[in-house]
Amino acid sequence: MEFFSNLKRRYNALIKESAVPLMQSRIKILAFGLGLLMLLIATILILLISSGKTAIMIRLIFLLLTLLYASYLLLYKAKWRNAAHILLIALSLFILTNILMYKHGINMVTFQLSIIIISASFYILGKNWGIMYSAINIMPIIITFTMTRAQGGSIYLSDAEVSSNTFMLCLVFNFILLVLMQYEFFKSFYQSQIKERELNHQLQSALKEAQEATRMRADFLSSMSHELRTPLHAVIGMTNVLSIENPRKDQEENLAILRFSSENLLALINDTLDFSKMNADKIVLNKADFNLTLLVQNINATFHTKAEQKGIILKLTSDFEDQPLFVKGDQTRLTQILNNLVSNAVKFTDTGGLVEMSISTTARTAEKITLLFTVKDDGIGIPANKHDTVFEPFLQANNNITKRYGGTGLGLSIVKRLIELHGSKLKLDSKENVGSTFSFDISYELAAIQEIMPVAVSAASTADISGLNILIAEDNIVNIMVLKKILEQWDCDYSIAKNGLEALEMVKAGSFDIVLMDIHMPVMDGFEAARHIREIPDIRLSKIKIIALTASSDVDIQQSFSYAYLDDYLTKPFRPDLLKKKLEECLSGGA
Ligand code: ADP
């Protein structure tokens, strides 16, 4: 009794261990198959004791011992595969000897056994072993059929067998075994399906939860970045104001540190915001007309001072030179790509170096143009084994980079994704201590040349801006304060409009030279106001110069940005010298 309860415990443990329904049914089929066959053989042996059929009894004893060994492997060693092979090989050998002994064809029990082997091998050991055991068992049966057909060989059930108790017992037992095996397998198959459906359901809800969490994280990052940017703009703006109020030498140094740190923090916030948007697949390219010539000139102008301060020559070459090139596309994103690449080139090039941004036409039809953009420097370069890692988020070519040059390691991964969004690829060619070349091409649809020609910022402009009458359309008090202080320094006159509508009314009524138009404004935004100004019937008023003030990576707003109504733009927080240059250009352009 103890022995049997021990067997039962082991069997239950084995079933419990295999959590998958299919695996459980494999163990069940194997255990019951072994148990039933051993019971059958033992019964037949008892029935045959007095019959004197020694040959068959020896075979049955041998088979019984083998099955006992297989049961031991299964229950005591948990080696179900080995147990299955032993069972199947033993039964296959039994069939082979049956075929050799009964020469008139295949008897019914032999045929049943071969079907049991074929089904069991597929169910327990899988497809490949199933095919192998099927071949081993079917081949001798087919050969026997073919050889005995002439003598009337068939699957037979003789009268003697029908009247033999042992034979009939085998027949019934085998049928029961077959039916149980099919039932068990179907049950496990059905359970697997239910479990699979349940798992699928769980997976779906887990996926939903993960997507929701990602969305919430992106929203959080996005609103945090927006909230952080506003006070930071004020910090940078006030630093700029202090810088132009004739600070002492020691104050100048402190202000430089303050500006450097706040600008770095702003870049980090902007990159993080962009990166989170990209991860949430929230970035869609905008398609609007823009002047590519102006865009690259502006980028060149933005980095001019920085390059000069570092003693680096910054060169811009393009095969359309100063000719305006109007295309349809996303100028904000192109600006972002080029800004990042030029900023890196300037950052990683030491005094005396050369940074060159070049744009060349690789193909042009009446409707389309393909441009190759290249940003080349002769700076510190990137070692060959880091050519892939620099495009990974937060990774830099070496750990000392952050200490020496600053940066987050996000820029290139953003640039790479943005270029991929344009259907292109960013290429890198770089050698350590020789320099780096980043290049990519983009195809743009050509746009009609716009009537209003925006004015580019060039390094050489000398128009006198004192006495200029400027309308500041801005709702943020700190920004107004910063602008007021800057304009007072240059002896400019100014008036304030708190929203787009006020600005429109003031332009209609007043005699301003230039409007500095914020884009984010209540009542009427900057775009709307600019459009209405252009529609004023009095041409002297409608042609007024409008410089837009946009938040740096304010993608959502800039997605709908059209410069058709605007003469130029400045990204906030801007440096006073850049604003001054733009005002001077406007003045000389308008003269
Ligand atoms: P960051 O500049 O903020 O560190 P990026 O993603 O823009 O992040 O660049 C990743 C790294 O690639 C940089 O830290 C630097 O090691 C390397 N790198 C990028 N551009 C250049 C370049 N023009 N010359 C040398 N190394 C560069």
Among (1) within 12 Å of the ligand (Cβ to nearest atom); (2) open to solvent by 50 Å² or more (accessible area, probe 1.4 Å); (3) under 24 Å from LYS277 (Cα atoms); (4) modelled with pLDDT of 90 or more, GLU392 falls short only on (4)
In the range 541-571, anything modelled with pLDDT of 55 or more, within 34 Å of the chain's Cα centre (by Cα) and aromatic (Phe, Trp, Tyr) is listed as TYR563, TYR569
Legend entry - PHE303 vs. criteria under 29 Å from ILE477 (Cα atoms), within 16 Å of the ligand (Cβ to nearest atom) and either open to solvent by less than 30 Å² (accessible area, probe 1.4 Å) or modelled with pLDDT of 80 or more (or both): yes
Sole miss for LEU314 among (1) within 16 Å of the ligand (Cβ to nearest atom); (2) farther than 23 Å from VAL390 by Cα; (3) assigned to a helix (DSSP H, G or I); (4) open to solvent by less than 30 Å² (accessible area, probe 1.4 Å) is condition (3)
Going through (1) in a loop (DSSP other than H, G, I, E, B); (2) within 25 Å of ASP464 (Cα to Cα); (3) at pLDDT 80 or above one by one, PHE574 fails only at (3)
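Can you find even one residue in the range 19-29 that is without any contact (Cβ under 8 Å) to a residue 24 or more places away in the chain, open to solvent by 30 Å² or more (accessible area, probe 1.4 Å) and not in a helix (DSSP H, G or I)?
For the range 19-29, residues without any contact (Cβ under 8 Å) to a residue 24 or more places away in the chain, open to solvent by 30 Å² or more (accessible area, probe 1.4 Å) and not in a helix (DSSP H, G or I): present.
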Selection from the range 103-136 of residues outside any helix (DSSP H, G or I), open to solvent by 20 Å² or more (accessible area, probe 1.4 Å) and out of contact with any strand residue (DSSP E or B) (no Cβ under 8 Å at 6 or more places or on another chain) yields LYS103
Those residues of the range 344-354 which are touching a Gly at 6+ places or on another chain (Cβ under 8 Å) and open to solvent by less than 40 Å² (accessible area, probe 1.4 Å) amount to ASN344, ALA345, THR349, GLY353
Scanning the range 419-450 for residues that are among the β-branched types (Val, Ile, Thr), more than 9 Å from the ligand (Cβ to nearest atom) and either within 17 Å of ASN385 (Cα to Cα) or in a strand (DSSP E or B) (or both) gives VAL434, ILE442
Subset of the range 327-357, residues more than 24 Å from GLY409 (Cα to Cα) and either assigned to a strand (DSSP E or B) or not assigned by TED's automatic domain parsing to the domain that holds GLY409 (or both), comes to VAL327, LYS328, GLY329
Looking at this structure, is TYR76 open to solvent by 40 Å² or more (accessible area, probe 1.4 Å), in the same structural domain as ILE124 (by TED's automatic domain parsing), without any contact (Cβ under 8 Å) to a residue 24 or more places away in the chain and of a type outside the set (Asp, Glu)? no
Scanning the range 1-18 for residues that are open to solvent by 40 Å² or more (accessible area, probe 1.4 Å) and among the hydroxyl-bearing types (Ser, Thr, Tyr) gives SER5, TYR11
Just a yes or no: is a residue in the range 363-380 small (Gly, Ala, Ser), away from the ligand (no atom under 15 Å from the Cβ), more than 19 Å from ASP568 (Cβ to Cβ) and open to solvent by less than 60 Å² (accessible area, probe 1.4 Å)? yes
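Each row is one residue, and each column tells you yes or no for (1) assigned to a helix (DSSP H, G or I); (2) modelled with pLDDT under 80; (3) open to solvent by 60 Å² or more (accessible area, probe 1.4 Å); (4) aliphatic (A, V, I, L, M).
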{"site": "PHE220", "(1), (2), (3), (4)": "yes, no, yes, no"}
{"site": "SER225", "(1), (2), (3), (4)": "yes, yes, no, no"}
{"site": "PRO231", "(1), (2), (3), (4)": "yes, no, yes, no"}
{"site": "ALA234", "(1), (2), (3), (4)": "yes, no, no, yes"}
{"site": "ASP250", "(1), (2), (3), (4)": "yes, no, yes, no"}
{"site": "SER262", "(1), (2), (3), (4)": "yes, no, no, no"}
{"site": "LEU265", "(1), (2), (3), (4)": "yes, no, yes, yes"}
{"site": "LEU268", "(1), (2), (3), (4)": "yes, yes, yes, yes"}
For the range 45-55, the count of residues that are open to solvent by less than 50 Å² (accessible area, probe 1.4 Å) and under 18 Å from MET101 (Cα atoms) equals 1
request  = Consider LYS416 carefully, then state whether it is more than 10 Å from the ligand (Cβ to nearest atom) and without any contact (Cβ under 8 Å) to a residue 60 or more places away in the chain.
outcome  = no
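The values are calculated or read from the model by the stated rules, or taken from the named source; none is laboratory data. Since this is a predicted model, take the numbers as computed values, not measurements. All Cβ positions, glycine included, derive from the backbone under ideal geometry; neighbour counts span all protein chains shown. The accessibility values were calculated without ligands, DNA or RNA, using every heavy atom of the protein model including side chains. Shrake-Rupley method; radii C 1.70, N 1.55, O 1.52, S 1.80 Å.
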